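What follows is a set of notes on a single structure, which appears directly below.
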Amino acid sequence: MIFGPLALLAAAAQPGAASAHPAEFVAGRARLGGWRAEAVTMVENRATLPLIGDQRCTVSGHGLHLVIGGSNGGGLEIGGAGAPFAMSDIVAITLGERVYEARMLPLSVRRARYTDVDYPPDYADPDAAAPIEDWLAVRLAPGDPWLNVSSLLVDLFEVRSIGINYRADDHLVRTRLSVGGLGEAVQWCERIFESPAARRLPLR
């Protein structure tokens, strides 16, 4: 009779054994100051043996939600989660001595058709039915390109708080949002991703 790790390998080698593993599992959870963090490993089920797929870490705090990795690449959301403003209300972000103009922009729809191919009239683009989502864009000067707010992430690690100007009814309100310790929370994610807890496949 086979026991321990050999049993796992033997079972995984059997047809259909990969489906016995979870699609993903939590490798760790932590509270780090005002931040809650959760690291997840996704399982890439193969016909023979499972592999480590994507890894995703979520860091949440008062008014800020950060997702690192995952199938959609993650992203940064500012607002909501107990803050007095939504992300769509933000008109400016002050980071140190720099003031970024902010606004919501629609996500560009990917053009899937070639210009030199004759498509039949009833041909439907694969993304034609996909909903168009808005994203928070920032720029430092009027002539600068609009960038996703996630481009400010590295700079957030260097400050304790950021300034937020947002719309409230018919007037503008200024407030500050604490981001102290965010860098340490992201470092925790990196440590968990490399830890045994993230690299051992749990049994159901």
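Since every read-out is calculated from the coordinates, none of them should be taken as a lab result. Note that the coordinates shown come from a computational prediction; the quantities given were computed from them, not determined experimentally. All Cβ positions, even for glycine, are placed from backbone atoms using ideal geometry, and neighbour counts span all protein chains on display.
Give the residue from Phe157, Leu105, Ile78 lying farthest towards the positive end of the charge dipole for segment 17-198; charges sit on Cβ (+1 for Lys and Arg, -1 for Asp and Glu) and the dipole is referred to the Cα centre.
Phe157
Multiplying the sequence separation of Ala30 and Glu190 by 0.36 nm and subtracting their Cα-Cα distance, what value in nm do you get? All intermediate terms of the calculation are to be shown ahead of the outcome.
Details: separation 160, 0.36 × 160 = 57.60 nm, distance 1.29 nm.
Value of the extension gain: 56.3 nm.
What ranking do 90-97, 165-172 get when scored by the average of other Cβ atoms within 10 Å per residue, highest first?
Values: 90-97: 15.4, 165-172: 11.5.
Most protected by this proxy first, the peptides run 90-97, 165-172.
Against the 2.2 N^0.38 Å scaling, with N counting residues, where does segment 17-198 land? I'd like the Cα-based Rg ratio to two decimal places. Mind dumping the intermediate values first?
Working: Rg = 20.2 Å, N = 182, 2.2 N^0.38 = 15.9 Å.
Relative to the rule-of-thumb radius for its length, segment 17-198 sits at 1.27.
Using the basic label-point model (7 angstrom from Cα toward the beta carbon), what is the Ile52 to Ala92 distance in nanometres?
4.5 nm
About the Cα centre, and with charges only on the beta carbon of Lys, Arg (+1) and Asp, Glu (-1), how big is the dipole of segment 17-198? Nearest 20 debye, please.
Working: 16 positive and 23 negative charges, 127 e Å.
It works out to roughly 620 debye.
Among Arg174, Arg36, which comes first, second and so on when ranked by fewest other beta-carbon atoms within 10 Å?
Numbers: Arg174 10, Arg36 14.
In order of increasing Cβ crowding within 10 Å: Arg174, Arg36.
Tell me, in nm to one decimal, what length is gained between Leu147 and Asp170 on full extension, where the rule is 0.36 nm per residue of separation less the Cα-Cα distance?
Numbers: separation 23, 0.36 × 23 = 8.28 nm, distance 2.66 nm.
In short, 5.6 nm is gained.
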